[in-house]
Amino acid sequence: MSALPKTDTLPTLDFRRYHDPAEQEAFFEDLRHAARTYGFFYLSGHGVSEQLQRDIVAVSKRFFALPEADKVAVDMANSPHFRGYTRAGWERTRGEADWREQFDVGAERAVIRQDATTPPWSRLQGPNQWPDSLPGLKSTVLEWQGELTRIAIELLQAFAIALGQDKDVFGPIYEKAPNQHLKIIRYPGRDATGSDQGVGAHKDSGFLTLLLQDVQGGLQVEKDGGWIDATPVPGTFIINIGEILELASNGYLKATVHRVVSPPSGKDRLSVAFFFGADLNANVPLLTLPDDLAHEAGGADTDPDNPLFREVGRNYLKGRLRSHPDVAQRHHADLL
């Protein structure tokens, strides 16, 4: 990784201001500023209980402490829906190994029967895998997923209003079947990896990402040729913009490049990432922004190595196939 300089700090927004009529307009101004300037911010006042935050961290640690055989029993390679456990080094970002082990969960929905007319991204829908040796994982993870879906929708509505839209402007592309993707993640110390790439530099594909960090840092956000350390702040989530909001706002909002640097020797990093996205069968609309915002919208980024599609499922499937080549080869070789 390049040794670019460290710079700046991320802002903190108190979500209680969104619900206070006297503070709402100022909150929208701060929300636009944070999203435009950084693409990332800390969110406090979100209303998720401290007990549930402690529970999700504790059950995540218990999962990663399981014997290797118990974790491999729910290996992602078993799932055509990209659900389950991934060993360190088995997920890739831009072709390079990410040194983190993780457990991926999505919405609990039935498998879609496939035929010649079914879009390929419909294969992503299906059940999760759950380890028999840790029965409490399912209930805690699904409760967390439900709570963060609530926060994500409220925050998305706030973004809509801040962009001069009806608060439910995005409803038609997520209400039927939102893409709810959750990862619990452990980054081992460098003595166990020989690399400092916890996860390589990338952007997120959905509407919004909501990240709970434990005590060990490592997340960095790119800005002006340098990196901002997103140091853990107790009781907050890190929020970042995804590519759907970039496309919908014609680039007024930008999905921001970020990475995770592996912790030092003898340390682990634990995080819980929730990615809220649109229905895989939806297309991302192009919003008509107010004139004062529209003239600041420079269009979505174009990257020949990472083309953006308005077809939500096509964009998401592209990322899954690239990130997990073992799953792609085993279950989706016809798409490669």
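The values are calculated or read from the model by the stated rules, or taken from the named source; none is laboratory data. Note that this is a predicted model, so its numbers are computed, not measured. As a convention, Cβ positions derive from the backbone with ideal geometry for all residues, glycine included, and neighbour counts pool all protein chains shown. Note: areas computed on protein heavy atoms with side chains; ligands, DNA, RNA excluded. Shrake-Rupley method; radii C 1.70, N 1.55, O 1.52, S 1.80 Å.
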Projected area averaged over all directions for the convex hull of the alpha carbon atoms of segment 18-174, nm², comes out at 12.6 nm²
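Hey, could you get me the Stokes-Einstein D for the chain, Kirkwood radius over alpha-carbon pairs, 20 °C and 1.002 mPa s, rounded to whole µm² s⁻¹?
Details: Rh = 20.4 Å.
Rounded, D is 105 µm²/s.
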Roughly how many Å² is the accessible area per residue of segment 1-114, as a whole number, for a 1.4 Å probe?
49 Å²
Skip the ligands, DNA and RNA, and give the accessible area per residue of segment 181-243 with a 1.4 Å probe, whole Å².
30 Å²
Mean Cα-pair separation over length for the chain, i.e. relative contact order, pairs under 8 Å, 6 or more apart, %
22 percent
Sorted peptide list for 131-141, 72-82, 293-303, criterion being average Cβ within 10 angstrom, highest first
72-82, 131-141, 293-303
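Tally up the carbon and sulfur contribution to the accessible surface of the chain as a whole percent, 1.4 Å probe, everything protein left in place.
Working: 7190 of 14350 Å².
Its accessible area is 50 percent carbon and sulfur atoms.
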Calculated log₁₀ intensity ratio I(q)/I(0) where the Debye formula runs over C-alpha points of segment 217-336, q = 0.21 Å⁻¹:
-1.31
Using only the Cα atoms of segment 98-238, build the gyration tensor, take square roots of its eigenvalues as a ≥ b ≥ c, and label the shape rounded, prolate or oblate: rounded if a/c is under 1.5, else prolate if a/b is larger than b/c, else oblate.
oblate
For segment 177-235, what's the relative contact order in percent, using C-alpha pairs closer than 8 Å and at least 6 residues apart?
20 percent
Give, as a single signed number, the net charge of other residues whose beta carbon lies under 13 Å from the beta carbon of Val257, with Lys and Arg counted +1 and Asp and Glu -1.
-3
What is the calculated FRET efficiency for His295 to Ser44, with r their C-beta to C-beta distance and R₀ = 41 Å, to the nearest 0.05?
0.80
Per the Kirkwood formula over distinct C-alpha pairs, the hydrodynamic radius of segment 211-263 in angstrom is 12.3 Å
Name the residues of segment 230-267 whose amide N is less than 20 Å from a point 7 angstrom out from the Cα of Thr9 along the C-beta direction?
230-240
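Using the Kirkwood radius over Cα pairs, work out the Stokes-Einstein diffusion coefficient for segment 106-150 at 37 °C and 0.692 mPa s, in µm²/s as a whole number. Spell out each step's value before the answer.
Working: Rh = 12.4 Å.
Answer from the Stokes-Einstein relation: 264 µm²/s.
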For Cα pairs less than 8 Å apart in space and 6+ apart in sequence, what is the mean separation divided by the residue count of segment 95-221, i.e. the relative contact order in percent?
40 percent
Please quote Rg/Rh for segment 71-154 to two decimal places, taking the Kirkwood radius as Rh and restricting both calculations to Cα atoms.
1.01
Across segment 287-334, what fraction of all alpha-carbon pairs, as a whole percent, falls in each successive 10 Å bin from zero upward?
21, 33, 27, 12, 7
Largest first and rounded to whole Å, the semi-axes √(5λ) derived from the alpha carbon gyration tensor of segment 123-184 read 30, 13, 7
